[in-house]
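Have a look at the structure below before the remarks.
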Amino acid sequence: MDKKIIEFWNKRGLHTKKYNGNEFYTATEIPFYIYRRNRILKLLDDNLKGKKILDLGCANGINTVYLKKKDAEVVGVDISENLLELARKNAFRENLDIPFYKIDGENLPFEDKSFDIVLTMFVLQHDLDVKSLNRLYKEISRVLDDNGKMINFERISIPSTKGPTWVIREPGEYIKLSEKNDFKLVDHSILSSRFWDDMMFPYYILKKRLALSDNNKFEISYSKLAVILTKHFDKVWKNNKFGTGYYLFCKK
Ligand SMILES: C[S@@+](CC[C@H](N)C(=O)[O-])C[C@H]1O[C@@H](n2cnc3c(N)ncnc32)[C@H](O)[C@@H]1O
């Protein structure tokens, strides 16, 4: 793993602490992200009791804690020690015993077929290098049980590189790469956030120009309005091509 990428995520951990006084979850959990995360988590299987789940790229553990509360046997791994520190604190705060490890998903120190589910949420989109994405899929396939599932949630749209650590891929790209690595697509849908992007774009330009802090009052109010409108458009736009891609794979 490129050191620069690890540094980027470690800085994100520090940033989270700085802006989020109580260190609870993430500074960027503004209303839209909460809305989107809740929609995503609802898509997960409801019967998670006793399931062995790997939350790959768990960051501050927000999803890991959710899964543990559903009685899953969950393990969180991430490359950023700073974010893992937050994850451990968040689990401790909730009185939950969750193992969190500093591990690169491309080299998982787990035995073959040791998980029922591997989850990535907004992780693969940060892997710009297709070779390392292939290595990730290979490792996921190895640690998954024959009846296991891989669940990916990643932003998709017209392909573009959004900076050194973020790439937008078209939906077919994830399907093509995982099928190359012994996975078979079972379900796929797109949760729209296109309207949100359109509405927040001018705000983010303004924020940069005026060097506004994260989660300022205006951002929170504006994003609340954007959530109301996004919810509406999520209902009326049926053929979304942009947004958060949900992918459910089983092994071939
Ligand atoms: C945008 S965050 C998403 C965190 C979390 N899954 C969520 O839904 O909020 C992406 C995380 O993936 C981690 N990550 C990126 N590549 C990774 C890899 N190869 N192995 C493990 N973690 C990785 C980063 O350190 C970062 O914490």
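We did not get these values from a lab; they are worked out from the coordinates using the rules stated. Source: prediction; values computed, not measured. Every residue, glycine among them, receives a Cβ derived from its backbone with ideal geometry; neighbour counts consider all protein chains shown.
Step through the residues of the range 181-191 one at a time and calculate ³J(HN,Hα) from phi using the Karplus curve (6.51 cos²θ - 1.76 cosθ + 1.60, θ = phi - 60°), rounding each to whole Hz and writing x for Gly and Pro.
For the range 181-191, the Karplus-derived couplings read 10, 6, 9, 10, 5, 10, 8, 8, 8, 10, 8 Hz, x marking Gly and Pro.
Return the ratio Rg/(2.2 N^0.38 Å) for the chain, where Rg is computed over Cα atoms only.
Ratio of Cα Rg to 2.2 N^0.38 Å: 0.99.
Share of antiparallel DSSP beta bridges in the chain, in percent to the nearest 5?
50 percent
Just want to confirm a number: the relative contact order over the range 120-252, from Cα pairs under 8 angstrom separated by 6+ residues, in percent.
39 percent
Might you report the magnitude of the Cβ-based charge dipole of the range 108-240 about its Cα centre, with Lys and Arg at +1 and Asp and Glu at -1, to the nearest 20 debye?
Dipole about the Cα centre, nearest 20: 640 debye.
When DSSP beta bridges are limited to those with both residues in the range 95-199, what percentage is antiparallel, rounded to the nearest 5? Don't jump to the answer; show the numbers that get you there.
Details: 2 of 9 bridges.
For the range 95-199, the DSSP antiparallel bridge percentage is about 20.
Once amide H atoms are built 1.01 Å from N in the peptide plane, which residues 5 or more positions from residue 52, or in another chain, come under 5 Å H to H?
Result for residue 52 returns 73, 116, 117.
Distance from the Cα centre of the range 111-156 to that of the range 36-79, in angstrom?
Cα centroid of the range 111-156 versus Cα centroid of the range 36-79: 14 Å apart.
May I have the count of lysine pairs in the range 138-238 with C-alpha atoms under 13 Å apart, counting pairs 8 or more residues apart or located on different chains?
Taking the range 138-238 as the scope, the lysine pair count is 4.
What nm value, rounded to one decimal, do you get for the distance between residue 132 and residue 3 when each label is placed 7 Å out toward the C-beta?
So the label points at residue 132 and residue 3 sit 1.4 nm apart.
Suppose each label sits 7 Å from its Cα in the direction of the beta carbon; what would the residue 81-residue 168 distance come out to in nanometres?
3.5 nm
Report the one residue of 115, 61, 101 whose Cα lies farthest in the direction of the positive end of the charge dipole of the range 54-185 (charges on C-beta: Lys and Arg +1, Asp and Glu -1; origin at the Cα centre).
Result: 61.
Can you list the HN-Hα couplings for the range 112-117, worked out from phi with the Karplus curve (6.51, -1.76, 1.60; θ = phi - 60°), rounded to whole Hz and with x for Gly and Pro?
4, 6, 9, 10, 8, 9
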